[in-house]
Amino acid sequence: MATAANVDVQLRYERIKPKIGARVLNSKEELLTGELSPAILDLMEEVGVVVFPELHLTDAEQVQFSNSLGGNAEELAGQNQDAVFKVTLDEKNQQKNVVEYLKGSLFWHIDGTMNPTPIRASMLSAQVLAPEGGDTEFANTATSYADLSDEQKAELEGLRVVHSLWASQFYHTPEPTAEQLADWQSKGEAEIPLVVTNSAGKKSLVLGNTAHYIRGMDMKDSQRILHGLRDFATSEPYVYRHVWKVGDTVMWDNRTSLHKATPYDPYSGRMMHRTIIKGGEAWEVVKG
Ligand code: OGA
Ligand code: MN
């Protein structure tokens, strides 16, 4: 039962840029009641990335907050659903093969494009910062799609893209061993539309380092389209760069955002704790 004190809690926020981002100003205590969660999800859907400055969530609080927003989905490598996932490039603090995959986070990507149901949102909290670099950039692929011309939109209609983890790994490891490549390729592939439409009718681009090629198209044309769009979608108006403070939490709409870390020393101690919010619907929403 809501207490009288909680009834009046309102979501307070300020927009960051016209085409991406908002900063939520409520206290940790207000956020952890869960009462603001529906409004936070609506805000995220509208702006793409939501910043919660210096909340200093404990791991248990981050899981609680994520659960109030729709649940902490199963993470990579069968990790316990009740735990946070450690995002670090230091093998002392994370499994070696997971560190390999995480090197892909230095290039524009969407999390889990090979999952049948996309991850609705991802949430990161900064535990330890790198002394230099290690910002995180976010790009809103709904507002960039909206700004394409009608001719460009028509050109993209119906195109389907094969996404694979193994393609993304070539960005940082161009000469893998045969064993590495076999491991990457064992993670599977998925084919999804280049432009997806959610159940509310909002369209966005699905791009990033896992977007390998456009089905049925000449490689040169496919690369021209995928890289041309990524270049446009990550241009200034659509991008927010978060410069972290310890204790910051940031959540992004993983269906409609690209993100990447800016370069940092893997052994700097940088440590982020991640939770993910379960997907509500498939990439391809079947019209009823
Ligand atoms: C992630 C990710 C970026 C960063 O956790 O999914 O891409 O800045 N992180 O660590
Ligand atoms: Mn990521």
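Among 123, 219, what is the fewest-to-most ranking by other Cβ atoms within 10 Å?
219, 123
For the range 259-288 and the range 190-209, what is the separation of their Cα centres, given in Å?
Centre-to-centre distance over Cα atoms comes out at 16 Å.
Are any of the pairs 28/203; 28/245; 103/153; 96/220; 19/103 more than 25 Å apart by Cα-Cα distance, and if so, which?
In this structure, 28/203; 103/153; 96/220; 19/103 lie more than 25 Å apart at Cα.
In whole Å and largest first, what semi-axes does the C-alpha gyration tensor of the range 2-277 yield when each eigenvalue is scaled by 5 and square-rooted?
30, 24, 17
Could you pull out every residue, at least 5 positions away or on a different chain, whose amide H is within less than 5 Å of the one on residue 210? Hs are placed 1.01 Å off N in the peptide plane, and Pro or chain starts have none.
110
Give me the extension gain from residue 170 to residue 185: residue separation times 0.36 nm, minus the current Cα-Cα distance, reported in nm with one decimal.
That works out to 4.2 nm of additional length.
Rounding to the nearest 20 debye, state how big the charge dipole of the range 2-277 is about its Cα centre with +1 on each Lys and Arg Cβ and -1 on each Asp and Glu Cβ.
For the range 2-277, the charge dipole is close to 240 debye.
Throughout, read-outs are computed from the coordinates displayed, never taken from laboratory work. Just so you know, these numbers come straight off a predicted model, no measurement behind them. Heads up, the Cβs are rebuilt from the backbone with ideal geometry, glycines too, and the neighbour counts pull from every protein chain shown.
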